[in-house]
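**Q** Input: one structure, supplied below.
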Amino acid sequence: MCECFAGSLLVSYSVEDPAMGRALESASAARAVHFLEEAVPDWCFEFCRSLPHRFAQVDVHPGHEQAAADRIRADYLEIALHHSAPTAVIARLRDPFQSPLIEIEAVATTSVSAGSAAGGGPFAFSAEHTAVYLPALGTASVTGTAAATHIPVVGVLDTGCMSAANLNVRAELDLTDKAPVLSAPDSFGHGSVVAAVLQDVAPAAELRIYKISTHGSAREWTFLAGLLAATADDCDVVNASVGFGLRDRSCAICGRDYGTTRARVFERLLQETLDLRPETTFVAAAGNASANEPAYPARIANAICVASTDGSGEVSTFSNRGAVDQDGNPHGAFVLAPGGDRLDTATGLGADRYVASYLGTDWRGTSFAAAYVSGILADHLTYQGRLARQSLAASLVSAADSAVIHRYNAQDHGAGEAKRL
């Protein structure tokens, strides 16, 4: 099975460069063109149009994605050279900010290592969550008796959320269909567990649920729409327990290496939305491929990248590790947090530890490590008020404890295990 979304390209180009827009209007390779502002609610329109780039999804003939991308690039160059001097076109193509991007649309998957649970489906935290994982987060520097100064809002980009009295859900938005729907039920379970962990760590936080996936995988286009909606809604923290490149292999159909999928269109949108919302912090899961580099988008430098431990100082057997960003430089905000573990019966390594059981599944993974960290950040904002992303990330890194990580080294483990601020 190809890990791209068949028959789809993602395109991004500068609003100051009309050539790509004209190329998309006339491209014979394009069956239909959809812009990002059409995929999100009306209240996100002005925010979307304020971005310095436009983002589009292009329907092409399935199986001909690369050929269609090449044809659109050729159309773009022909139009650009017709309206601008060759030196100006070359300068634009060399500029990372101005250069247009055309990519095959990727599929993102939840950063989870699930297992079958014995018996029923009601939600229940594991004994480890209560007795090991929460205590491992440490004690907040501000006590619970202090007066709250801010109600933090956390955007959860996931599979939706269960209805539960102990979850403080402010709003729901389902982006998985043709038109946004103001309800996001979760039939898969992953998003519900992420939300429950986050709420347990940050009881005062309000949650905004953005359903971008139904069964553990999401179109990159839907992921983009969720990211845009969450930042347009001015969330304090955006939790993304999904990522690209979780399977370390190349696709024989499209030729794309999904062990290293960078998804530059997503990277561009993340950078531009965070530039417009400097008090929004993006938290993402490092991935569950036991790899020496984190998956995207957690690997992007302006994200908080979270790997998983078993709660006792060992990195989870399934967790990606490696504090490296998209350019191969040290990642400035790489931390670890509890996510459970899985017993490898062949080697005897690991242990059968999980975060919660729900819908007949034991849930463990870097997905939930990210949720613990999002909860830490939201709980801190409750008593400190809104903070700039850079300041909040710096506090998280400073508070992390490297001493509790067995055989710690900065290259693999970043700042260490995340602690309450």
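The values are calculated or read from the model by the stated rules, or taken from the named source; none is laboratory data. Bear in mind that the values here come from a model prediction, so they are computed numbers and not experimental data. Backbone-built Cβ (ideal geometry, glycine too); neighbour counts: all protein chains shown.
**Q** Scan the stretch 151-183 for residues that are in contact (Cβ under 8 Å) with a residue 40 or more places away in the chain, in contact with an Asp or Glu (Cβ under 6 Å, 6 or more places away or on another chain) and polar (S, T, N, Q) and report the count.
**A** 1
**Q** Among the residues of the stretch 327-371, write down those that are touching a helix residue (DSSP H, G or I) at 6+ places or on another chain (Cβ under 8 Å) and among the β-branched types (Val, Ile, Thr).
**A** VAL335, VAL355
**Q** While we're looking at this one, here's another question. LEU81 is checked against (1) outside any loop (DSSP other than H, G, I, E, B); (2) under 33 Å from the mean Cα position of the chain (by Cα) and fails just one. What number does that condition carry?
**A** So LEU81 meets the others, but not (2).
**Q** If you scan the stretch 96-120, which residues turn out to be modelled with pLDDT under 75, assigned to a loop (DSSP other than H, G, I, E, B) and either in contact with a Cys (Cβ under 9 Å, 6 or more places away or on another chain) or at negative phi (or both)?
**A** Of everything in the stretch 96-120, those that are modelled with pLDDT under 75, assigned to a loop (DSSP other than H, G, I, E, B) and either in contact with a Cys (Cβ under 9 Å, 6 or more places away or on another chain) or at negative phi (or both) turn out to be ALA114, ALA117, ALA118, GLY120.
**Q** Can you tell me how many residues within the stretch 339-369 are of a type outside the set (Phe, Trp, Tyr) and assigned to a loop (DSSP other than H, G, I, E, B)?
**A** Qualifying residue count, the stretch 339-369: 18.
**Q** Still on this model: Restricted to the stretch 278-333, and to residues that are farther than 19 Å from ARG262 by Cβ, in contact with a Phe, Trp or Tyr (Cβ under 8 Å, 6 or more places away or on another chain) and of a type in the set (Ser, Thr, Tyr), which residue is surrounded by the fewest Cβ atoms within 10 Å (Cβ to Cβ)?
**A** SER290
**Q** When only residues in the stretch 270-292 that are hydroxyl-bearing (Ser, Thr, Tyr) and assigned to a loop (DSSP other than H, G, I, E, B) count, which is farthest from LEU377 (Cα to Cα)?
**A** Checked the stretch 270-292; the qualifying residue farthest from LEU377 (Cα to Cα) is SER290.
**Q** Could you check, for the stretch 18-31, whether at least one of its residues is closer than 18 Å to HIS61 by Cβ, among the aliphatic types (A, V, I, L, M), under 22 Å from the mean Cα position of the chain (by Cα) and outside the structural domain of LYS178 (by TED's automatic domain parsing)?
**A** No, the stretch 18-31 contains no residue that is closer than 18 Å to HIS61 by Cβ, among the aliphatic types (A, V, I, L, M), under 22 Å from the mean Cα position of the chain (by Cα) and outside the structural domain of LYS178 (by TED's automatic domain parsing).
**Q** For a quick check of your reading of the model, give me the residue pairs whose first member lies in the stretch 260-284 and is within 20 Å of LEU396 (Cβ to Cβ) and in the same structural domain as LEU336 (by TED's automatic domain parsing), whose second is part of a helix (DSSP H, G or I) and of a type in the set (D, E, K, R), with beta-carbon atoms closer than 9 Å and at least 6 apart or on different chains.
**A** Here the result reads LEU274/ARG389; ARG277/ARG389; PRO278/ARG389; GLU279/ARG389; THR280/ARG389; THR281/ARG389; PHE282/ARG389, each pair linking the stretch 260-284 to a residue that is part of a helix (DSSP H, G or I) and of a type in the set (D, E, K, R).
**Q** Please specify each residue of the stretch 181-190 satisfying the condition of being under 30 Å from VAL33 (Cβ atoms) and surrounded by 19 or more Cβ atoms within 10 Å (Cβ to Cβ).
**A** ALA184
**Q** I want to confirm something. Restricting to the stretch 61-99 and keeping residues that are over 14 Å from ALA23 (Cα atoms) and among the hydrophobic types (A, V, I, L, M, F, W, C), which single residue is surrounded by the fewest Cβ atoms within 10 Å (Cβ to Cβ)?
**A** Across the stretch 61-99, the extreme among qualifying residues is ALA85.
**Q** I want to confirm something. Restricting to the stretch 128-173 and keeping residues that are exposed (fewer than 13 other Cβ atoms within 10 Å of the Cβ) and under 27 Å from VAL112 (Cβ atoms), which single residue is modelled with the lowest pLDDT?
**A** So, considering only residues that are exposed (fewer than 13 other Cβ atoms within 10 Å of the Cβ) and under 27 Å from VAL112 (Cβ atoms), the one modelled with the lowest pLDDT is ALA165.
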